[in-house]
Structure formats: C-alpha cells, structure tokens
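Below is one structure, written out as structure tokens; the observations come after it.
The values are calculated or read from the model by the stated rules, or taken from the named source; none is laboratory data. Treat the numbers as computed from the prediction; the structure is a model and nothing was measured. Cβ sites come from the backbone with ideal geometry, for glycine too, and all protein chains shown count toward neighbours. The protein model used for the area step is the full one, side chains on, heavy atoms only, and it has no ligands, DNA or RNA in it. Shrake-Rupley method; radii C 1.70, N 1.55, O 1.52, S 1.80 Å.
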Amino acid sequence: MAEVPERSVFDADVTLSVVVPFFNEAEVLPEFHRRLTAVLDGLKRRSEIIYIDDGSTDDSRSLVSSFPASKSDVFCIQLSRNFGKEAAMSAGLEHTRGQAVILLDADLQDPPELIPAMMAEWEKGFDVVNMQRRHRNGESWFKRSSARLFYRLLNILAQSEIPENVGDFRLLDRKVIHHINQLPERNRYMKGIFAWPGFEQTTVSFERDARFCGSSKWNYLKLLGLAVDGITSFSIKPLRLATLMGILIAFSAFCYGLMVVLKTLIIGDPVSGYPSMMVVQLGLGGIQLLSIGLLGEYIGRIFIETKARPLYLTQSIMEKKAVVISNNIQPVVRKAA
Ligand code: UDP
Ligand code: MG
C-alpha cells in the first residue's frame, strides 16, 4: 500500500463508498473483507472501501494492508489514537469520494449482502436509506428494552425525527454527506446528525445478526454516556423541564405552606414535623442536584465546542488501487423519488 498525503475529494466516477470504522477487529476483518468485496465485485459499479483504524492495538491494520487487491479501491485511514466510533465515522465520511456512501460495522452485524438492495433504493431516488433492525439478535432483554425506551425519549425531546432501531448502518447520498461534513460541532451523536439534514428518506428493515466474534465495545456506562450525548446534543427540552419542575415545586410548596398556616390558625394544630420536612428536603435536594447536573451537561458541551479541537487526528492514509476492471461498469441512472 502506498502512502497518500492528500485528503480525497468527490469523484463522480466513484459510485459507492463504503465506510468501515474498526477498533481491534482482527478476528473478524478477513471474513468481513471477503464478504464485502464479494458483494462489491458483483455490483458492476466503481466502488471504494474506506477503513478507519480507530487506534487499534491488535494487528487489524496490518491485516487490512495485506488484503489482496480487489475490484474496489481500498483506503485505510489510521487515526492517531482511539477517538471513538462517532469520530471515526466522521473521519471516514470526510474522505469519501462516491456519489452514495454506506456505513458498515466491521463485526458483520450489518450484512454486506444488503448493499445491492440499498443501492436499488438509492437509484429509485432516495437520498437516505435507513436500515431498521427487525430484531436485535444476540442482545439481552435489558439492552433491547433500554434501547426502546431511549429512542422513545429522544423522539419526544428532539425536534428532528430520529428513526427507532436504526443504527449507523445506512446509505447516504453525496448531497447529504456534503451537509454533514460541513457541520462544525464536536459533540457528534451521529444517529441524530444523519437524521438532521432530512431529504428523501426511506426505511428498509433487516435482520441484525449477532456479532461474528469478539464482544461489543460498548458497556452500559458508555451507552448511557451516548444516550446523554444524544439527548443533550439535539434538544434543550430537559432544561425547560427543570424550569417547569422548579415552578411546579415552588407553587406546591407555597400552597402547602398556606395550608399549614391556615390549619394552625383555624384548628390550632401544631406544625407536623420531622417526616414531612425530610420528604420535602430530600425531594427538593434531589431535584436541585439533578437540575444542576443537567446544566453542567450543557455547559460541558459548550466548553468542548469552544475549544474547537479537531475531531480526530490522522496518522497515516494507505491506499490500494483497484485491480484493472473490465468494462462491465454500468452508468448510474437515478430517478426522482
Ligand atoms: N468501533 C470503533 N471505535 C470504537 C468502538 C467501536 O471504530 O471506539 C467500531 C467497531 O470496531 C465496530 C463498530 O464500531 O466495527 C461497532 O462497534 P460494536 O460492535 O462494539 O458496537 P455495537 O454493535 O455493540 O453497537
Ligand atoms: Mg457490533
């Protein structure tokens, strides 16, 4: 593989770019690449695969460089450390040249065999093809129900419609990618970012497989962080909720106080003490801490945004040109959706 210093730019000749972020996936990468190239080779379109090595510490990257040349151009962008999947995807998107872009996990949970069906939807004129999981095979009951709850909450809070059970696996047209690449924000909750531009969208449901091998890089704490990121990046409604709760509680406290005074004046009942005081204090204290925490989340985000650090740093980019292909590449004909 040769070193290429410059970032790639849009190339109308490249029809499809497949973006694959990976972090320590040596076990699955050879099988993944075999399945992906088998699909792309049969596509009769010029395509490229963009691997993003998100700071892997195993031999994932040397594996990618050892893959034999296929009918697709293969790039491997090595980030200088682990920046997380969201940043890795952004890096990949910025390097795509294709007219359509598909994001794919390296662990074979998103079957590459669905690419032709996604391309068919794109050729019908859709700009975004969301891949919705029908079932979440290999995931625990707790993960499934917490995911469902999270999507419900997010869609109540966020302005743009974020489709439920649609992960990062999707197809995006060049014009959507163009807008996403222009977004300056550092807090990149990609599922929200992908939904934000709008355009012509369609949803295809599919059976999400269990991981081919290895284990998920996300633990519940990281998922909770991602959920907070998702909500706070796309909505300020939680802040309003805190204000609303404050008003409600202050109003109830005022009514309760009035009731105590009247009761004492009319019936002469002494103020009933300790337990009710504790309930009020603990309840109020909890809500105050929650609201401060919430404020902190937003201030933290402002802090990160103002620093304006780059999303990721690139250590190297490798490129393996496609083997010369016969002239069975067919022109793209896209209808209006
Ligand atoms: N991944 C990454 N950087 C990270 C964590 C994960 O690039 O910091 C990649 C990972 O190698 C895989 C994809 O993101 O290709 C999805 O990760 P994973 O399977 O762990 O997530 P899940 O499917 O459980 O949501
Ligand atoms: Mg996975």
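Values as computed for the structure displayed
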| read-out | value |
| --- | --- |
| Top-ranked residue in segment 223-268 [being open to solvent by 60 Å² or more (accessible area, probe 1.4 Å) and charged (D, E, K, R); ranked as nearest to L284 (Cα to Cα)] | R240 |
| Any pair with Cβ under 6 angstrom, 6 or more apart, that starts in segment 209-220 at a residue that is over 16 Å from K85 (Cα atoms) and ends at one that is modelled with pLDDT of 70 or more and near ligand 1 (Cβ under 8 Å from one of its atoms) | D209/Q109; R211/D107; R211/Q109; F212/D107 |
| Of residues in segment 159-173 being open to solvent by 10 Å² or more (accessible area, probe 1.4 Å) and not in a strand (DSSP E or B), the one farthest from R240 (Cα to Cα) | N165 |
| Meets criteria (within 16 Å of ligand 2 (Cβ to nearest atom), more than 25 Å from I304 (Cα to Cα) and in contact with an Asp or Glu (Cβ under 9 Å, 6 or more places away or on another chain)) for F199 | no |
| Single residue of segment 144-171 satisfying the filter (β-branched (V, I, T) and under 13 Å from the mean Cα position of the chain (by Cα)) that is nearest to ligand 1 (Cβ to nearest atom) | V166 |
| R152 vs. criteria without any contact (Cβ under 8 Å) to a residue 24 or more places away in the chain and out of contact with any helix residue (DSSP H, G or I) (no Cβ under 9 Å at 6 or more places or on another chain) | yes |
| Evaluation of A69 against (1) touching a Lys or Arg at 6+ places or on another chain (Cβ under 6 Å); (2) within 14 Å of ligand 1 (Cβ to nearest atom) (one fails), failing number | (2) |
| Cβ pairs under 7 Å, 6+ apart, first in segment 41-53 and without any contact (Cβ under 8 Å) to a residue 60 or more places away in the chain, second basic (K, R) and within 13 Å of ligand 1 (Cβ to nearest atom) | D53/R61 |
| Evaluation of L262 against (1) touching a Lys or Arg at 6+ places or on another chain (Cβ under 9 Å); (2) of a type in the set (A, V, I, L, M); (3) at pLDDT 80 or above; (4) more than 30 Å from S17 (Cβ to Cβ) (one fails), failing number | (1) |
| Residue within segment 57-73 that is within 17 Å of the chain's Cα centre (by Cα) and in contact (Cβ under 8 Å) with a residue 40 or more places away in the chain present | no |
| Conditions (1) away from ligand 2 (no atom under 16 Å from the Cβ); (2) in contact with a Ser or Thr (Cβ under 9 Å, 6 or more places away or on another chain); number of the one not met by P116 | (2) |
| Filtered residue count, segment 103-126, keeping only those that are part of a helix (DSSP H, G or I) and either open to solvent by 20 Å² or more (accessible area, probe 1.4 Å) or not hydrophobic (A, V, I, L, M, F, W, C) (or both) | 8 |
| Strands (runs of 3 or more DSSP E) within segment 3-102 that include 2 or more residues within 16 Å of ligand 2 (Cβ to nearest atom), buried (at least 24 other Cβ atoms within 10 Å of the Cβ) and not aliphatic (A, V, I, L, M) | 16-22 |
